[in-house]
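Peer 1: Have a look at this one.
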Amino acid sequence: MSKKAIMAVVVVATLAVITTFAGCKKGGEGYDTKELGTPIVKVDGLTLYEKDLEIYGQGMQWTPQQKRDFIKQWTKMALLYLAAKEEGFDKNPLIRRKLELNDQLTLVQEYEAQKMNNITVSPTEVDSIYNLHKDLFDRNATFLIVYAQDSSKLEQIDRMLRNKKGSRLFMAIEQVKSDSTVTAFETQNPVNLGIFYLTYSDIPESLRAKVVKLRPGHGVMGKYQDGSYIYLFLISENRTPAGEQQVKSFIQQYLVDHRRKAVEDSLISEMQKKYKVEYLADTTKINK
């Protein structure tokens with residue numbers, strides 16, 4: 001294992017040490033240590049167990065030398081943890097709050113991992129999406145994207161840009177970008193239309209379906225978020241055949257992510273029925 005790899009594991013270990021022992025009594029009281037296996041090293045009641053190596057290593061195969069190096073690093077972290085306790089850092093309200101938030105995040109991550117452990121996507125499902133949208137993955141487009149509160153303003157911009165070419169189009173785009181009443185920008189890199197259609201979920205699917213049918217020199221607008229509107233103008237397009245395997249790998253991950261989100265949304269929906277959520281501050285004014 002390289003030094004960088006060891007340090008990456010040590011960072012995980014450091015966070016785990018802090019999260020595990022903050023607010024806990026010595027000796028691992030509060031949970032059954034039998035499941036953790038054989039104790040490896042103890043520092044005044046803080047114990048590193050054989051099972052901990054699996055937790056910290058996240059599935060890596062330890063060599064004997066890597067284990068020895070890690071145990072040394074863990075021991076240093078445990079001593080520093082005790083030093084922090086001696087100096088009262090664990091009594092600092094902001095530090096205690098940080099530990100509490102870390103504990104909540106760790107629990108949520110473990111909970112979601114267990115709930116989503118059985119999510120699978122079949123090759124047939126991947127092939128179906130691939131065949132349906134194959135042409136889109138071969139298309140790459142450059143857009144001018146404009147956001148506005150007033151739809152009539154975007155209609156005016158559409159008239160300014162539509163069917164223009166060359167220097168006339170360049171000048172019209174620059175004029176739109178300089179308009180202080182809208183937010184406008186060009187995409188820095190060509191956008192793959194297959195990826196755009198499947199993943200740009202902040203833009204309504206009905207509008208995305210119109211965008212992927214655009215020809216260069218044309219645009220389309222629709223509702224966006226919070227009463228605002230979005231306009232997408234297709235500046236140029238090129239066709240570059242996308243590798244089938246690469247596209248299918250993307251679709252596989254897209255479907256997995258989509259299903260994970262569905263599971264998460266369902267869990268949150270159930271909890272919202274049980275627990276009351278109260279917004280005690282006007283979030284629109286925070287940090288203003």
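Peer 1: What are the pairs, 6+ residues apart or on separate chains, where a residue within region 22-45 that is modelled with pLDDT of 85 or more has its Cβ under 7 Å from a residue that is open to solvent by less than 60 Å² (accessible area, probe 1.4 Å) and part of a strand (DSSP E or B)?
Peer 2: Between residues of region 22-45 that are modelled with pLDDT of 85 or more and residues that are open to solvent by less than 60 Å² (accessible area, probe 1.4 Å) and part of a strand (DSSP E or B), the close pairs are L36/Y49; G37/Y49; T38/Y49; P39/T47; P39/Y49; I40/L48; I40/Y49; V41/L48.
Peer 1: Filter region 254-282 down to the residues that are open to solvent by 90 Å² or more (accessible area, probe 1.4 Å) and part of a helix (DSSP H, G or I) and list them by number.
Peer 2: H258, R260, K261, Q272, K273, K274
Peer 1: Take the residues in region 210-235 that are hydroxyl-bearing (S, T, Y) and modelled with pLDDT under 95; name whichever of them is farthest from F196 (Cα to Cα).
Peer 2: Of everything passing the filter in region 210-235, S228 is farthest from F196 (Cα to Cα).
Peer 1: If you take the residues in region 38-91 that are part of a loop (DSSP other than H, G, I, E, B) and farther than 27 Å from E110 by Cα, which one is most open to solvent (accessible area, probe 1.4 Å)?
Peer 2: E87
Peer 1: Let me ask another. What pairs can you find where one residue is in region 106-128 and under 13 Å from V263 (Cα atoms), the other is not β-branched (V, I, T), and their Cβ atoms are less than 7 Å apart, with a gap of 6+ or different chains?
Peer 2: Final answer for the pair search is E112/E264; K115/L267; M116/R260; I119/R259; I119/R260.
Peer 1: For T187, state whether it is out of contact with any helix residue (DSSP H, G or I) (no Cβ under 8 Å at 6 or more places or on another chain) and either free of Cβ contacts under 8 Å to residues at least 60 places away in the same chain or over 29 Å from K261 (Cβ atoms) (or both).
Peer 2: Against the criterion (out of contact with any helix residue (DSSP H, G or I) (no Cβ under 8 Å at 6 or more places or on another chain) and either free of Cβ contacts under 8 Å to residues at least 60 places away in the same chain or over 29 Å from K261 (Cβ atoms) (or both)), T187 qualifies.
Peer 1: Sticking with this structure for a sec: Strands (runs of 3 or more DSSP E) wholly in region 127-243 with at least 3 residues that are buried (at least 16 other Cβ atoms within 10 Å of the Cβ) and in contact with a strand residue (DSSP E or B) (Cβ under 7 Å, 6 or more places away or on another chain) - which ones?
Peer 2: In region 127-243, 139-148, 218-223, 229-239 are the strands (runs of 3 or more DSSP E) which contain 3 or more residues that are buried (at least 16 other Cβ atoms within 10 Å of the Cβ) and in contact with a strand residue (DSSP E or B) (Cβ under 7 Å, 6 or more places away or on another chain).
The values are calculated or read from the model by the stated rules, or taken from the named source; none is laboratory data. Please read these numbers as outputs of a predicted model, since none were measured by experiment. Please note: Cβ atoms are built from the backbone with ideal geometry, for glycine as well, and neighbour counts cover all protein chains shown. Ligands, DNA and RNA are excluded from the accessible area calculation, which covers all protein heavy atoms including side chains. Shrake-Rupley method; radii C 1.70, N 1.55, O 1.52, S 1.80 Å.
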